[in-house]
1. When the Cα centres of the range 411-483 and the range 265-318 are compared, how far apart do they sit, in Å?
2. Roughly what would the spin-label model give for HIS450 and LYS315, points 7 Å off Cα along C-beta, in nm?
3. Using Cα positions and a limit of under 18 Å, work out the lysines in reach of LYS23, with same-chain residues fewer than 8 apart set aside.
4. Considering only protein heavy atoms and a 1.4 Å probe, what is the carbon-and-sulfur percentage of the accessible area of the range 389-542?
5. What does the C-alpha gyration tensor say about the overall shape of the range 421-524? Classify as rounded when a/c is under 1.5, otherwise prolate if a/b is larger than b/c, or oblate.
6. Please list, by residue number, every one of the trypsin sites (Lys or Arg not before Pro) in the range 138-191 that is coil in DSSP and has at most 16 other beta-carbon atoms within 10 Å.
7. Using a basic spin-label model with each label point 7 Å from the Cα along Cα→Cβ, how many nm lie between ASN400 and ARG25?
8. What accessible area per residue comes out for the chain, rounded to a whole number of Å², with a 1.4 Å probe?
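The values are calculated or read from the model by the stated rules, or taken from the named source; none is laboratory data. Remember, it's a predicted structure, so these values are computed and weren't measured experimentally. Glycine also receives a Cβ, built like all others from the backbone with ideal geometry; neighbour counts cover every protein chain displayed. The protein model used for the area step is the full one, side chains on, heavy atoms only, and it has no ligands, DNA or RNA in it. Shrake-Rupley method; radii C 1.70, N 1.55, O 1.52, S 1.80 Å.
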Amino acid sequence: MATVRATKPIEGQKPGTSGLRKKTRVFAAPGYLENFVQAIFDAIGGGKGKTFVLGGDGRYFSDSAAQVILKMAAANGAARVIVGQNAVLSTPAASHLIRLNKTDGGFIMSASHNPGGPDEDFGLKFNAANGGPAPEALTDAMFAVTRTISEYRIVDAPDVDIATVGETALGAMRVSVVDCVSDYADLMETLFDFKALRALFQGGFRMRMDSMNAVTGPYAREILENRLGAPKGTVTHAVPLPDFGGMHPDPNPVWAHELMDEMFAANGPDFGAASDGDGDRNMVVGRGIYVSPSDSLAVLAANAHLAPGYKGGLKGIARSMPTSAAADRVAAKLGLASYETPTGWKFFGNLLDAGRATICGEESFGTGSDHVREKDGLWAILLWLNILAERKETVEEIMNAHWRAYGRNYYSRHDYDALPVDVAEKVMGGLRASLGSLPGRKVQGMTVAHADDFAYNDPVDGSVSKGQGLRVSFSDGSRLVLRLSGTGTEGATLRLYLERYAAGPEGLTEDVQLALAPVIAAAEELAGIRAITGREGPDVVT
Ligand code: VG1
Ligand code: CO
């Protein structure tokens, strides 16, 4: 019953920072999804006899896309597909299932923090047998196939029932529909002290978890409310919706403003958290204090030994290049190796597989460890809870103590969204062309120490990834980075990352944008973003 259908290459099927993301209408057009899925099978050497995981964040179009992927897996000879019930799996839960079942990889349907719906975004990414996002060599191979593809394989069969947990089949292929939450929740129990966390909630600790109508709702309810006894209603926006209820499921102070308002109100909860569309990002907030993701990574690394899963200490700490150097200071103090990788979780995979890094993080609200091969929002939130339970201090006390011990890396990211591509390229091109002449130059009272276009030499497999962002470092430890987003679906998004170090003990609690003012001014002087784009300022500041 397998049919071979003729097709033609479709332009632009190049996976970005994290899989292929397009407008839903583009993905739903005839042959679009099919071509890309066949390209994945071809790039991994076919599907014959293999086992895969399938799931996603439940966004609009996922149900029909799941049926196409199942029918194509069967036609490509797969032996078995493990599907999250209703095709739902958070990205970290999918990564876990790939590893737990020793499968050959998995398909994750998500455009992550991008909005969902018929007029918004859809996405698909393939994770390899280690549970992590396909490395660059593999995504390049997929793209190459999409440029020459002439046919795809799909079975003619009725839709598979994926709403009922249990075993079923599609021709010769087994389809195992599994509960989305239980294996993942069990994994969390092996890493964190659930007894201490239950006691914390029993003692009246108040938390607000905003799942933003996205995939973590059922996970957070099961773990926080059912297993840990947090009061019902601790998790808000807990029902995943195909369009996220119109929310932009990106956990940052701008898009999670309801949570921010609550955390900054008089008598707000003790701890607040939010996660994104597919559950791999997290934002943490204390009462009256926002924790920047770069600082969160540093605090988690410095305190991870307080949780049972990490009591033996860490092997190393890795961060993406634009992430602040706060984590490096922790690594130095603990005598651990630290790594600086390009943006995107796929670059942490080799370090985690090789046992060189235990904890990894990105400034974009992503933190994770070697328990899976993706960043993991609820993992970070539970580690924070475990640290709060052990230290018996508030988030604010923990942050202040951290800055006193290590100094503070003031940090912010300014995003200029949906720019015309040529305008964004002009900004990048201008700064890139001047990099060679910058060292030694004085800008806004600071001296440029180093300027380059970041290239990463993977210490594990020796692969080289070039053009990963323009960086300018100053002799006082300040830094600015400029790169183009690889996850957007409209025009170009320019990201400006800003950092300034204050050693303390004075000046550790300044307003972040004020503390960064000289670096912001230096960025404008060197790159002319406002001048070239004509924009008055960034669209999103985090
Ligand atoms: C962004 C973030 C990056 C993250 C990626 C995927 O990429 O900056 O750190 O890994 O999103 O996250 P970009 O290329 O737009 O800067 V998710 O949660 O959207 O899968
Ligand atoms: Co995500």
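1. 28
2. Distance between label points: 2.6 nm.
3. LYS14, LYS125
4. Solvent-exposed carbon and sulfur of the range 389-542 make up 49 percent of the total.
5. On the way: a/c = 1.60, a/b = 1.42, b/c = 1.13.
Prolate is the answer for the range 421-524, as a/c is 1.5 or above and a/b outweighs b/c.
6. Hits after loop and neighbour filter: ARG147.
7. 5.4
8. Numbers: 19540 Å² over 542 residues.
Per-residue value: 36 Å².
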